[in-house]
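Trainee: Got a structure for you, written out below as C-alpha cells; questions coming shortly.
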C-alpha cells in the first residue's frame, strides 16, 4: 500500500475486508488508506467512500458502532483507541480474573504500573467498567 500511495498520492484506497478487528483498521489508517470497509458494504456506503473520502478524514464502515467510528476518525487515533502490547498483556490477565497485585507479580512490574495500564485501558477504550473491558477483549480476540 505504501508503494501505491507513493506512486499515486491522489488515489482513493479503500480496504475491503471480512475482518472488523480494530488493529487492522488502525494499520489501514497508518498505511494511508482512505477507508476501511466491511465486505458486506452497501452500494450507498461504497458510493460515499468513492465520492467523499478525498475531502474528509479516514472513513470507517458503518458496521462499527458510532463510538468506534468516531474514535477511528479522531485526529489522535493511536492515542485514543490503540492499546499497547503491554496493555494487552494486562488485559489478558484481567480477563483471567487476576488481581492487580498478581498481574504485577506475573509481569514483573510494579503495582502502580499495573494501575496505570488499567487506567489507560479504560481511558483509551472509553469504558467505565471492567465488564466492558472483558467484552472488548472477547470481541477483538485478545483473550
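The values are calculated or read from the model by the stated rules, or taken from the named source; none is laboratory data. Note that this is a predicted model, so its numbers are computed, not measured. Note that each Cβ is placed from the backbone with ideal geometry, even for glycine, and that neighbours are counted across all protein chains shown.
Trainee: Can you name every residue in region 8-29 that is over 21 Å from residue 142 (Cα atoms) and out of contact with any strand residue (DSSP E or B) (no Cβ under 6 Å at 6 or more places or on another chain)? Let's see the steps before the verdict.
Mentor: Within region 8-29, the first condition is being over 21 Å from residue 142 (Cα atoms), and the residues that meet it are 8-16.
Selection gives 8, 9, 10, 11, 12, 13.
Trainee: On the basis of being at pLDDT below 65 and part of a helix (DSSP H, G or I), does residue 92 make the cut?
Mentor: no
Trainee: Quick test for you: out of 32, 70, pick the one residue that is out of contact with any strand residue (DSSP E or B) (no Cβ under 8 Å at 6 or more places or on another chain) and at pLDDT 80 or above.
Mentor: Working: 70 fails: at pLDDT 80 or above.
Residue meeting the stated conditions: 32.
Trainee: For residues that are within 14 Å of residue 83 (Cα to Cα) and in contact (Cβ under 8 Å) with a residue 12 or more places away in the chain, scanning just region 115-135, find the one that is surrounded by the most Cβ atoms within 10 Å (Cβ to Cβ).
Mentor: First, pick out the residues of region 115-135 that are within 14 Å of residue 83 (Cα to Cα): 116-127, 133.
Imposing the further condition that a residue be in contact (Cβ under 8 Å) with a residue 12 or more places away in the chain reduces the set to 117-118, 120-121, 124-126, 133.
On the way: 117: 25, 118: 18, 120: 15, 121: 22, 124: 17, 125: 22, 126: 14, 133: 20.
Once the filter is applied, the top-ranked residue is 117.
Trainee: Output yes when any residue across region 40-51 is at pLDDT 85 or above and under 29 Å from residue 132 (Cα atoms), and no when none is.
Mentor: Step one: filter region 40-51 for residues at pLDDT 85 or above, giving none.
So far as region 40-51 goes, no, none of its residues is at pLDDT 85 or above and under 29 Å from residue 132 (Cα atoms).
Trainee: Follow-up question, since we're still on this one. I'd like the full set of residues that are part of a helix (DSSP H, G or I) and either within 24 Å of residue 23 (Cβ to Cβ) or not assigned by TED's automatic domain parsing to the domain that holds residue 124 (or both), limited to region 95-111. Give the derivation first.
Mentor: Taking region 95-111 first, the residues part of a helix (DSSP H, G or I) are 95, 100-107, 111.
95, 103, 106, 107 - these are the residues of region 95-111 that are part of a helix (DSSP H, G or I) and either within 24 Å of residue 23 (Cβ to Cβ) or not assigned by TED's automatic domain parsing to the domain that holds residue 124 (or both).
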